[in-house]
Structures are given as structure tokens and as C-alpha cells.
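The values are calculated or read from the model by the stated rules, or taken from the named source; none is laboratory data. Small disclaimer: the values here were computed from a predicted structure and weren't measured. Backbone-built Cβ (ideal geometry, glycine too); neighbour counts: all protein chains shown. What goes into the accessible areas is simple: the full protein's heavy atoms, side chains included, and nothing from ligands, DNA or RNA. Shrake-Rupley method; radii C 1.70, N 1.55, O 1.52, S 1.80 Å.
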Amino acid sequence: MAILLGVLTTTSAVGLVAAAAYVISYAALRPSIAVLQVAIVGVRFFGISRAVFRYLERLTSHSVNLNLLQKIRCWFFQKVEPLVPAGLSRYRTGDLLTQAIADVDSMENLYVRVFSPFFASLAITACISIFFGVYNPRLGWIIAGWLLAAILSLPLSGFFLGVRGGKALIGDRQTLNTMMIDALEGLEDLRIFQAEQKFFTSITNQELRCAKRDRNLGRNIALINGLSLGIANFGMIMILWEGGQLVINGQISGISLGVLVLSTLAVFEVMAPLVQASSLIGMSLEAGRRLFAITDQKPSVPQLDGIEAPIKSEAICITNLKFYYPGRVKPALDEISLELYPGKKVGLVGGSGSGKSTLINLLERYWDILPGMIRIGKTDIRDISPEVVRTLFSVVTPDAYIFSESLRMNLMIGNSETDIVDMNRILKALGLDSLVQRLPDGLNNWLGEQGQQISGGERQRIILSRALLRTAPYLLLDEPCSNLDIITEKQILEYIFYHYQDRGILLVTHNLVGMDRMDEILVLDQGKVIERGTHLELLHRNGYYAQMWRSQQDMISRLG
């Protein structure tokens, strides 16, 4: 419809010029006004219809634009979502933001500003060639040849002149966006270390590179504009020359010659969008290549359909699990075996990099499992859809995200059907009721970008509250109280152990608070289980766990 309305708009514009040329040329001979009535009505009709068709064409094309943007953005998000986190680990936030916004915006140009003008120009060429052919077949062939030359030469010249510059400009803008995001997010640290000027100088230099690319691209567009004008004028001269011969031979009238010459200039105006299209081809192709470079990746975990959810009371059995991160020779987990069921509490302790968080990621199906096995009941976890597996877990991670929303909305992410009574109960249990009273709008108060309007401890307790509101049979707690003092941590863990004793709990921690309540403790070192047992059993063995325990007790007594 947008293409059709574009054709009608251009046809009306040409008809307006042709009718006006006829009226002016014929009026010079001072005929009766009655002779010009039809042409005058034509001028009025084409003048009004051009405005109407142009309005409808803009309305339709903008509707197409917005619908395309919606579909492309939804498609991009649907393709990216299964890739998290494995497929996106090598991308920076600024890169993804540029591709999700700027590159998608560039893709809309490919349909509406590249394809649409091209097909509209072909349709106009056919109509105008027939119109000129009515006067004389040779005129029809001449105008058709010149229009086709413009339709082919302008996009091709734009492609060869602009594709390299468009690619470079897209890349430079991506780098600039990434630098700007880094600067904004790290502005506090830059000010602390007085490094703003150095960082801002690099941003300025990158901005200058983008401006230089933009100027080069503008220079190429100017060359293409000149080529377009040259083709239009040469086409007009050819029609004037050939039409003049026809007038001399008496095959057409002089009035008709004026109509044809001015119509030639008018019809070449349809080529103006092709100039813009030619400049956008390179940028659109580069944007598309970058988008598909992400979306064509295969998820590290296959997406399965039609797999029923496992029974929630079934146990999770991990047997001889081994896992390698891509490009790593040494395994992150090596021969791990563990059983977890609702009501059982298991502690995972060990130093940084020992594989504790990796195990949680594997349970959540963020990475696929090769050697070893994880079973839910009697079903291999690889035979269950990742979305179904994740319904079994309520997870707290150290890098959990606080959304730029109200406190209420952040809590409802865990359970969209939770009521105010449950919210207040959890908030009070975790010591956040004072925060709610302090906030001007209570639960409806905005928490700031990434929760910047609250403290680190409050942020962590909100994340934990969100997880506890989720009704899942297993709690996976990865450093849930790392930003809290030991007394508060102990109180929170005691609350969880008492009120959620029907759930399976896997507690990953550096601190050994609450370990005496664990049914089993696994001590990891470099991906291997070096000790396992209850708290008392591990203390009696006087091994690595006992050393960690004594060290932390000494630190507590020194602080205390």
C-alpha cells in the first residue's frame, strides 16, 4: 500500500506539471477559455490529489515503519534471550545496546527507504513510458532508458561509494556509544581518581572520527546527487532534441513538446529517494550483518518444546558432573556428585573460582552438560526444556539486577501474583520495613537506576526478598548475604531455614554462617570436592574446612 500510494503521489505530481505546462503553453496562443477548461480542472485535480496521496503515503509508510521496528525488535529479543549468558559473554553492554537500538533502526531503512523507492520507481517508469509512448514510441523508449539508467546507477553508485563508509561509521558509532556508557556508569570512579579529562579526551577523539566518517559519507551523497541531476538534465535534453524533431516533422505539436519536457523534469524527481536509499544501503547491510552475527549463534543449551514439567517433589541427582568453559583446558567442575531434594539443606563452600557459581548455572541450564549427568527424578535434565527447569528454582546471585522501577515492581518479578500481605511479611523478616517507611512513596517508590538510591545491603535484601516470594521447591542462594554483617546474615538465614524448611536449599557462601544447620557440606577447590560431610564431621577431620572455620572465628573475635 505504501508503494502504491507513492506511485499515485508521483503520478499526481507529474500530472500537475503536465497539465500546468499545457495550460501555460496553450494560453500563449490566446484561445477561448472554454478550450482550457479541462486542463484547468486537471491542474486542480492533480494539485489536490497529490496532497491527499502524499498524506496517505506518509501515514501508511510510517505505520509500516513502526510495525517493522516492533517486529524486528521483538525478533531480536527472542533470538538473544536463549543466548544468555553463554552466547553474549564476549559482548559489552554498549555493543548490545547499539545493536538493539541503532542497528534495528537502520534495518527499518532497508524496507521503507531502500526497497520501497526502488519498486515505486519501476512502477513510475512503466507508467511514464506508456504516457510518452502515446505521443511517440521513440519518446517512450528514451524516457524508459534514462529512468532505468537512473534506477540502476544511483543505488549501485551509492553502494560502491557508501558501503565502506557506512560500515566504518556504524563501527565507530558503536565504539562511541560503548565509551559513553562506560563513562556514565563509571563517572563516580573517574571523579574519585581524577581521570575524567583523560577519558573525555578519548571520547572527543572518537566523536571526531565519527564526524569525519559522516562528512565523507555526506560527500559521497553529494556526488550521487550530482549524478542524479546530470541524468535528469541529459534525459530532458534527449526528450527536447527528439521532441523538437517530431515537432518539425509535424508529428506532435509544440504545446505537446512543452508538456513532455517539463514532465521529464518532474518525473526525475521520483529519483530523489533513490539518492537517499543509495546512502543507506551500506549502513543497513552492516547493521543487518551485526544483528545476524548475534542471532545466528546457536544457544549453548538446546531449546526443547513439548516437555512436561517434572514433579516438584522429585529429587535432583548430580552424578560425576564435569564441565569446561569454552576455550579452557582445565575443568571448572570435576567429577561432582550431589543429591538435593525438598527439605534438604546443602552448603557449597570454597575459595573464589572453585566452581560454586558454575554449579548453579548448570542447574539453571545456562550451559549445557557434557560429561556426567543431572537428573530430576528419573529424567535427564537435558531432556527437559530450560524454561521448565527454571520453574523449579528460586535463585539469588551476587550480580542480580535491580530494575529501574518501584520497590513493588522489583518484588513482583519473583511472583507477579504476590499480595501486599506477603510482601510486607518478607520485608519485615529481612529488616526492610524501616526502608519502606523511610521511602516517600513506600512500596511505590522508584529505586533508581540499578538501585542506586538504596544501600548495598538493602539492595541485596530486596533481591533475596524477590527470591523468597517465588513459590519454587528449591532455593539456590549464591552469596545471599555477602554485603551484610554477620549478625544480620545469621538472623536472615535462621528465618529462611525455619520458614522454608520444606524447600531444598543449596547455599553457596564464603562465610560459614549457618553451616551447622546444613544436612551436608561440600568443600570445593579448583572444581573438585575435597571434603564433604556435616559441620561437626568436617571440624573433626581438621582439614581445609576446619581451617576456614577457625580463621573466620578468629576474625570475628578480633572484631568483636
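Run through all the Cα pairs of the range 313-390 and give the fraction in each 5 Å bin from 0, expressed as whole percent.
Histogram of Cα-Cα distances, whole percents per bin: 3, 14, 26, 28, 18, 8, 2, 0.
By accessible area of protein heavy atoms, probe 1.4 Å, what ranking do Ile281, Ile420 get, highest first?
Ile420, Ile281
Taking only DSSP H segments of four or more residues, each worth -39500 (n - 2.57), what value at 222 nm results for the chain once the sum is divided by all its residues, to the nearest 500 deg cm²/dmol?
Computed mean residue ellipticity for the chain: -20000 deg cm²/dmol.
List the lysines whose alpha-carbon lies under 18 Å from that of Lys212, not counting same-chain residues fewer than 8 positions away?
Partners within reach: Lys167.
Please state the relative contact order of the range 202-306 as a whole percent: Cα pairs under 8 Å, 6+ residues apart?
Relative contact order for the range 202-306 comes out at 30 percent.
Using Cα-Cα distances under 8 Å and only pairs 6 or more residues apart, what relative contact order does the range 438-560 have, in percent?
16 percent
With all protein chains present and a 1.4 Å probe, how do Leu36, Leu536 order by accessible area, largest first?
Heavy-atom accessible area, descending, gives Leu536, Leu36.
Run the 1.4 Å probe and let me know the accessible area of Glu269, rounded to the nearest 10 Å².
120 Å²
Taking log10 I(q)/I(0) by the Debye sum over Cα atoms at q = 0.07, 0.08, 0.11, 0.12 Å⁻¹ straight from the coordinates, which label in (1) -0.64, -0.75, -1.07, -1.19; (2) -0.38, -0.50, -0.97, -1.16; (3) -0.72, -0.90, -1.21, -1.25 is the correct one?
Of the labelled values, this structure produces (1).
For each pair in Lys345/Lys378; Lys79/Lys356; Lys330/Lys356; Lys322/Lys528, compute the distance between the two Cα atoms and list the pairs where it is over 18 Å.
Lys345/Lys378; Lys79/Lys356
For Lys330, Lys344, give the ranking by accessible area with the largest first, probe 1.4 Å.
Correct descending sequence by accessible area is Lys330, Lys344.
Within 9 Å, Cβ to Cβ, of Asn511, how many net charges do the neighbouring residues add up to if Lys/Arg are +1 and Asp/Glu are -1?
Charge balance in the 9 Å sphere: -2.
When the accessible area of the range 190-247 is computed with all protein chains present and a 1.4 Å probe, what percentage of it is carbon and sulfur?
Result for the range 190-247: 63 percent of the exposed heavy-atom area is carbon or sulfur.
From the square roots a ≥ b ≥ c of the eigenvalues of the alpha-carbon gyration tensor of the range 497-560, which class results: rounded (a/c under 1.5), prolate (a/b over b/c), or oblate?
Note, shape of the range 497-560 comes out oblate.
May I ask you to order 116-125, 488-497 by the average number of other C-beta atoms within 10 Å around their residues, highest value first?
Those peptides, ordered most packed to least, come out 116-125, 488-497.
I'd like the antiparallel share, as a percent to the nearest 5, of DSSP beta bridges with both residues in the chain.
45 percent
Please report the relative contact order for the chain, taking Cα pairs under 8 Å with a sequence separation of at least 6, and give it as a percent rounded to a whole number.
Over the chain, the number comes to 15 percent.
With the other protein chains left in place, how much accessible area per residue, in square angstrom, belongs to the chain at a 1.4 angstrom probe?
51 Å²
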